[in-house]
Every structure is written in C-alpha cells, then in structure tokens.
Amino acid sequence: MSATLLTMAFLPAEYPRVWTLTAPAPFADETSCQCQAPHEKLTIAQARLGTPVDRPVRVYADGIFDLFHSGHARALMQAKTLFPNSYLLVGVCSDDLTHKFKGFTVMNEAERYEALRHCRYVDEVIRDAPWTLTPEFLEKHKIDFVAHDDIPYSSAGSDDVYKHIKEAGMFVPTQRTEGISTSDIITRIVRDYDVYARRNLQRGYTAKELNVSFINEKKYRFQNQVDKMKEKVKNVEEKSKEFVNRVEEKSHDLIQKWEEKSREFIGNFLELFGPDGAWKQMFQERSSRMLQALSPKQSPVSSPTRSRSPSRSPSPTFPWLPNKSSPPSSPKAASASISSMSEGDEDEK
C-alpha cells in the first residue's frame, strides 16, 4: 500500500480526511500491508462518535456491480459516509459465482473490478468475494460493519443472506436509488433492441457479432438507408428554408435601401427644381442677364456730352422744328405736326 493510502487507513479520527484521489483503489490481495491495529468489536454508537482513535472504522459493501451506474455509486457513498472516520472495502463477486446464483452478466469480472477501482468512495477492492459472508472472511479483512440496503436479499437457499450479520449487530442499512438499476438498464436495451442493433450495424459491427439473422440484417440495413434518405431530405429542406430566409432578408434590405435612396433622390430633385429651388434662381438670373444684353438701358438726358474741339461750336437745336432727315411721309402727318406746334405755342403764351 502506498504512503497516501497508509495515511488514509490509519489516520486518527480527530483529524478530518481531506485528500484528492490520484490513483485507482488497490486490490486487497495485492497490497502488502494489512491492518495491524487491534481489532476490537465496536458498536454502531461508538463508531458514530469516531472511535477508535487509532484506526478508521472498516466498512464492507459487496455486490455484483454489473453495468456500474449512479445507483451503485450512491450506495457506496452512503457506506463511506456512515461514520466520521471510515475505510471502505468493496467486495465484487466473480463471474462463476454470479452466473451460478444470479445469472449472466453484461460485463465480465475484470471489467467490474476496474469499474469499482475508479469510484472515488472506494478505498480497497476485494476480488472474488464470497456470496455469503463467513466469520473467517470478516476476521481476515478486519471488517467492523457491513453496509447494504435493508431489503431482505434471498439467495443461495436463504431468505436473507445478511440475516446473521444483522443478528450480530454489524449491519448498517443504506438506501436504494429509485429509478436506476442494472435490470432497468437491461430492460431499456431489450426494449429498444432494434434501434441499437441498427446503430451498431451502421458503425461496422457484423451481424454475427450482434447475433442478428440474415433477414433482420437486411431489414435493418434497409431501414438505415431509409433513415439516411430522410436525413438528406431534412437537410435539403433546412437549407432551402435558410436560403429563402436569406433571400427575404436581402430583399427586405434592398427595398429599404431603395426607399432611402428614392427619398434622397426626391429631396435632391425638389431642392434643385422646386418652387424655391436653385435651378429657378439660376434661371431667373440668366434670364435677367439675357434681357439686359438684348435691351440695354438708354443713357440719361442729364449725362454730360462728349467734349468737342473748340474750333467747332455746337449747333443749336430747335425741338419745334421738323427733322430735316425725316420729312413727313404724308400731308396728314405734316398737318398733325403743325397743329401740335401751334398748340405748343399757345401753351407757352
């Protein structure tokens, strides 16, 4: 036994055991260290107080432990925590003994031994444990108490194989975990046999390994092909839905962007060509420039005349005289001009 396990086995009760398991629990027949402490008979009351102080209380739990599950682990946890300072030994029955008294197992004995060794509550594993506990076995392993559920276990021609342990005051009951057991797990496998057989055929197991007939093998393989086709159709449908969703999202985004761009375009158009737009102002400015270019303003009357040479005096102008360069075109026009001149004279008088 390693130094860590020795410390675990013989640590006084007043010191709490705090450690981390870093190796599997040892087998009882492979360890060179046996419990050398005086093995005095204890009562349950004494054990619950944490006595004796020189060694832990040695608790024994046995079973088949086929298809090791949480129900097994919880039972061992209860056995481990029955007393403040305890050392849990677990006995596992061999295949020959189990097949003789109980029936065929799913896991062989080597697999069941290894499953127990890697349970955190187990301190030591006893291989090929007896079906019925004898005084010699209890003395050999210095067992103080036996932990098991309190339901009478009838086997090997006895109504309760733990009856003599109970009468000796060495029995400590544990509680079963409802809803989980080896029989329940086997029942699930049998109930869903076709599903597991098809799955294992698909994974590469042969029909001979699965003990499946030729007809059932073909049926299972056909069903596997049908399932594959269903899965492909399902994948295509999912991908199609994803594609449609993406198209809808993109079309929605496109429409939204188009609406934003159209609003921006309309706003820019109105800003440019609206009633108060820049185009109208620019058009008015250009129109006014063109009008100014086509019809320039007349020079003012009071504007100074151009300077002339002093040798030539300007000729006087007489507005009432007719323009020589433009004679009247008709007698009527001439008479009209004369009458207007006479009226002007009268006004001046």
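Brief remarks on what is shown
- Length available on full extension from PHE243 to TYR205: 0.36 nm per residue minus the Cα-Cα distance, which gives 9.8 nm.
- The label-point distance for GLU260 and GLN175, in a model that sets each label 7 Å from Cα toward Cβ, rounds to 6.4 nm.
- Cross-link pairs LYS41/LYS166; LYS41/LYS142; LYS241/LYS261; LYS41/LYS140 - those with Cα-Cα distance over 18 Å: LYS241/LYS261
- FRET efficiency for GLU231 and LYS163, using Cβ-Cβ distance with R0 set to 51 Å, rounded to 0.05: 0.35
- Annotation for GLN223 and HIS39: the two label points, set 7 Å from Cα along the Cα-Cβ direction, are 5.4 nm apart.
- The accessible-area ordering, largest first, of the residues VAL226, VAL53 stands as VAL53, VAL226, per a 1.4 angstrom probe.
- Computed on protein heavy atoms with a 1.4 Å probe, the accessible areas place HIS141, HIS164 in the order HIS164, HIS141, largest first.
- Annotation: PHE265 carries an accessible surface of approximately 140 Å², with a 1.4 Å probe and no ligand, DNA or RNA atoms counted.
- Solvent-accessible surface (1.4 Å probe) assigned to THR174 amounts to roughly 10 Å².
- Using a simple spin-label model with pseudo-atoms 7 Å out from Cα toward Cβ, GLU30 and PHE269 lie 9.0 nm apart.
- Residues LYS218, LYS140, ordered by accessible area of protein heavy atoms at a 1.4 angstrom probe radius and largest first, appear as LYS140, LYS218.
- Rounded to the nearest 10 Å², the accessible area of THR43 at probe 1.4 Å: 70 Å²
The values are calculated or read from the model by the stated rules, or taken from the named source; none is laboratory data. As the structure is a prediction and not an experimental result, all values here were calculated from the model. A quick note on method: Cβ atoms are made from the backbone with ideal geometry, for glycine too, and the neighbour counts reach across all protein chains shown. Accessible surface areas use protein heavy atoms only, side chains included; no ligands, DNA or RNA. Shrake-Rupley method; radii C 1.70, N 1.55, O 1.52, S 1.80 Å.
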